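This report refers to the structure that appears directly beneath it.
The values are calculated or read from the model by the stated rules, or taken from the named source; none is laboratory data. Since we're looking at a predicted model, the values are computed, not measured. Reconstructed Cβ throughout: ideal geometry from the backbone, glycine too, with neighbour counts over all protein chains shown. Surface accessibility is based on the protein's heavy atoms, side chains included, excluding ligands, DNA and RNA. Shrake-Rupley method; radii C 1.70, N 1.55, O 1.52, S 1.80 Å.
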Amino acid sequence: MGPSSPVQYALEGAVATAGELIRWLRDNLEMFRESGDIERLASRVDSTEDVYFVPAFSGLFAPYWQPDARGLIIGLTRYTNKHHIARAALEAVCFQTKELLEAMNKDSGIPLTALLVDGGMTVNDLLMQVQADLLGIEVVRPSVSEMTAFGVAVAAGLAEGVNAWCAKFKSSDESIERMHRFVPQISAEERDLRYSRWKMAVQRSMQWVQPDVKRETSEESDKAPHQLQPHVAATAFMCSSLAMALLAIIRHI
């Protein structure tokens, strides 16, 4: 680390909704109490039964960059239940990761042979296995789940002029053994089929927000009260006139 060290570059991909999707199922739909419960819920079924969840709550980020997209759940049948939807939500996170890695492979020209993961969601074993299945490569989870924060601390401590650590951190056989490796367990044919179905679902989520139509609808709603007033006034006038006529007849009798 430091000005005399070689420059290191990194590619970063942005996903609009990943962990937030799990919180949405928990808080908005109240499908479970704790975020960690989704693994148990999704494990009750072996597949989504062709249900796909595109969590484009605020549009689609990389690699689509479609702000007009909106979320959808597609492929529902009368047999679909909350377990299928929970599993489809986990798969949605994995599909989005797969799309980012494909974009990175294309930009860098260096195909990944394994994916190292960290963060709160990586404690979900089902999610990690699905990720390995859909990527077709190993997913490696270190014993430290928040490895990004740990790496920042190590990098800062090893910076030139700081030297906060008494020894440099290096990969060792012992640290590799402590890593949990998830190996793909589905065929390439199944992987490609499910990915193509995901792509179909994503396409259907696009161009949902139409500003022009929305503005026209808003303008029409603004005019509605003014258009209604003459009719209300006329109706009130007719009712009051009828009441006065009846009162006159009763008095005459």
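Can you bin the range 44-147 into rounded, prolate or oblate? Criterion: square roots of the alpha carbon gyration tensor eigenvalues sorted a ≥ b ≥ c, rounded for a/c under 1.5, prolate for a/b above b/c, oblate for the rest.
Cα axes put the range 44-147 in the oblate bin.
Between residue 178 and residue 105, 0.36 nm times their residue separation minus their Cα-Cα distance comes to what?
On the way: separation 73, 0.36 × 73 = 26.28 nm, distance 2.77 nm.
Result for the pair: 23.5 nm of gain on full extension.
Can you run phi through the Karplus equation (6.51, -1.76, 1.60; θ = phi - 60°) for the range 15-31 and list ³J(HN,Hα) in whole Hz, with x for Gly and Pro?
10, 5, 9, 9, x, 4, 4, 5, 5, 5, 5, 6, 8, 7, 9, 6, 6
Which shape class applies to the range 3-74: rounded if a/c is under 1.5, otherwise prolate when a/b exceeds b/c and oblate if not, where a ≥ b ≥ c are the square roots of the Cα gyration tensor eigenvalues? Display every interim value, and only then the final one.
On the way: a/c = 2.36, a/b = 1.68, b/c = 1.41.
It is prolate, given that a/c is not under 1.5 and a/b is the larger ratio.
Keeping every protein chain present and rolling a 1.4 Å probe, give me the accessible area per residue for the range 22-170 in Å².
For the range 22-170, the solvent-accessible area averages 55 Å² per residue.
Report Rg(Cα)/(2.2 N^0.38 Å) for the range 78-133, keeping two decimals.
Numbers: Rg = 13.6 Å, N = 56, 2.2 N^0.38 = 10.2 Å.
That ratio works out to 1.34.
Is the shape of the range 99-160 rounded, prolate or oblate, going by the alpha carbon gyration tensor and its root eigenvalues a ≥ b ≥ c, with a/c under 1.5 for rounded and a/b larger than b/c for prolate?
Numbers: a/c = 2.87, a/b = 1.30, b/c = 2.20.
The shape class here is oblate.
Within the range 1-105, report the GluC sites (Glu not before Pro) that DSSP leaves as loop and that have at most 14 other Cβ atoms within 10 Å. The partial results should precede the final answer.
Values: sites: 12, 20, 30, 34, 39, 49, 91, 99, 102; in loops: 12, 30, 34, 49.
Passing sites in the range 1-105 are 12, 30, 34.
Count the net charge of all other residues whose Cβ sits under 11 Å from the Cβ of residue 26, scoring Lys and Arg as +1 and Asp and Glu as -1. Working shown, then result.
On the way: positive: 23, 33; negative: 20, 27, 30, 34, 37.
Here the count lands on -3.
At 1.4 Å probe size, put 52, 79 in order of accessible surface, largest to smallest. Before the final figure, lay out the partial values.
Values: 52 20, 79 170 Å².
From most accessible down to least: 79, 52.
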